[in-house]
1. Under a 5 Å amide H to amide H cut-off, with H placed in plane at 1.01 Å, what residues pair with L141 once short-range neighbours are removed?
2. Assign unit charges at the C-beta atoms only (+1 for Lys and Arg, -1 for Asp and Glu), then state the dipole size of the chain relative to its Cα centre in Debye, rounded to the nearest 20.
3. What ranking do L279, L26, L145 get, fewest neighbouring Cβ atoms within 10 angstrom at the top?
4. Against the longest alpha carbon principal axis of the chain, how many degrees, from 0 to 90 and to the nearest 10, is the axis of helix 127-138 turned?
5. Taking 8 Å as the Cα distance limit and 6 or more residues as the minimum spacing, I'd like the relative contact order of the chain as a percentage.
6. If neighbour count is taken as other Cβ atoms inside 10 Å, put Y43, Y258 in order from fewest to most.
7. Please report M196, M273 as a ranked list, fewest other C-beta atoms within 10 angstrom at the top and most at the bottom.
8. Could you tally up the Lys pairs in the chain with alpha carbons closer than 25 Å? Skip any pair fewer than 8 positions apart unless they're on separate chains.
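Every number here is computed from the coordinates shown, using simple stated rules; none is lab data. No experiment lies behind these values; they were computed from the predicted model shown. Every residue, glycine as well, gets a Cβ built from its backbone with ideal geometry; the counts of neighbours run over all protein chains shown.
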Amino acid sequence: GKNDGKGQYRFFDPTLSSSLRARARLKHDLVDAIEHDQLVLHYQPRVDPRDGRLLSMEALLRWRHPAHGMVPPSEFIPLAEATGLIGRIGQVVIEKACAQVAAWRDAGIPVVPVSINVSARQFRRGAVPRQLAAALERHRLPAALLEVEITESAMMGDHDEILADLAALRAMGIKLHVDDFGTGYSSLSQLQRLKMDVLKVDRAFTAELGKSREGRVFFQAIVSMAHALGMGVVAEGVETREQLAILLELGCSEIQGYLVARPVDGAAMAGLMARRFLL
Ligand code: C2E
Ligand code: CA
Ligand code: CA
Ligand code: CA
């Protein structure tokens, strides 16, 4: 290294410089991905557990990388958040989700609401409500067809900007979902005060159903309290018939997970939309 021997720091530390180089390259590729339209949305249905009827769906981002194939969001969203690129990516997600719903509608397909994921870092001086309002207007869509998911942890703490934006979204008629509920430190009364519409219970809790009595008791408490407070409950990550049976008993109103369907691209989703799931 440059500081030979006595080194407080090393310019040529091979691991550090190669990870910095990898990050720089990933960031550069991500800018390319935005500019060359390599970001795509897949869609996963949410259904009524009683009859498998399609109620709504979630848009999930993927990067169709020219060399690495389909890259999952876990591999690029954290860097996008750290570098500020998440703002541009969020705008892409809003535009693509609205364009897709409009395309389904124009093809005569009966559409259901689509939720998009919004990171805490995207909330900046009203950008998200502004972008959403513009996209809805551009595609002549009612606000009721778009929903926003924000993680429980993003909502907590001293986040005045986020709370102001959530109020603006609510005023537009956009439903708000608390994502990964149960992993943070919020209370149901806080979430009700913020007028959140739906709790999406983290899939770690769904995984406990059928495994432990505590898992079921915990879930039951969430469902009954949420319903008493006028909030809906989505169980995420439902993978087995046993989990489905328990959720039916608990009166959970909406389920999502591989048991119903994996996320698929917009064309494949068009073929699924008239269908009954869970048959
Ligand atoms: P999330 O919002 O909690 O999304 C649910 C994740 O669980 C998705 O992973 C989905 O494919 C996966 N999943 C669905 N059903 C099952 C199941 O039955 N079993 C299991 N094991 N997994 C299931 P995905 O698509 O890889 O997304 C991961 C995370 O990336 C999302 O977690 C979300 O936090 C983030 N993300 C995805 N799309 C976007 C986006 O457009 N913007 C932002 N800011 N974040 C996004
Ligand atoms: Ca989500
Ligand atoms: Ca989630
Ligand atoms: Ca998650």
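1. Amide H neighbours of L141: none.
2. Details: 34 positive and 33 negative charges, 69 e Å.
The dipole magnitude comes to about 340 debye.
3. On the way: L279 6, L26 16, L145 21.
Placing the least packed residue first, the sequence is L279, L26, L145.
4. Orientation of helix 127-138: about 60 degrees from the principal axis.
5. Working: 442 pairs, mean separation 54.1, N = 279.
That works out to 19 percent.
6. Details: Y43 24, Y258 12.
The order, fewest Cβ neighbours first, is Y258, Y43.
7. Details: M196 25, M273 15.
Ordered from fewest to most neighbouring Cβ atoms within 10 Å, M196, M273 come out as M273, M196.
8. On the way: K27/K96; K96/K175; K96/K200; K175/K195; K175/K200; K200/K211.
For the chain, qualifying lysine pairs total 6.
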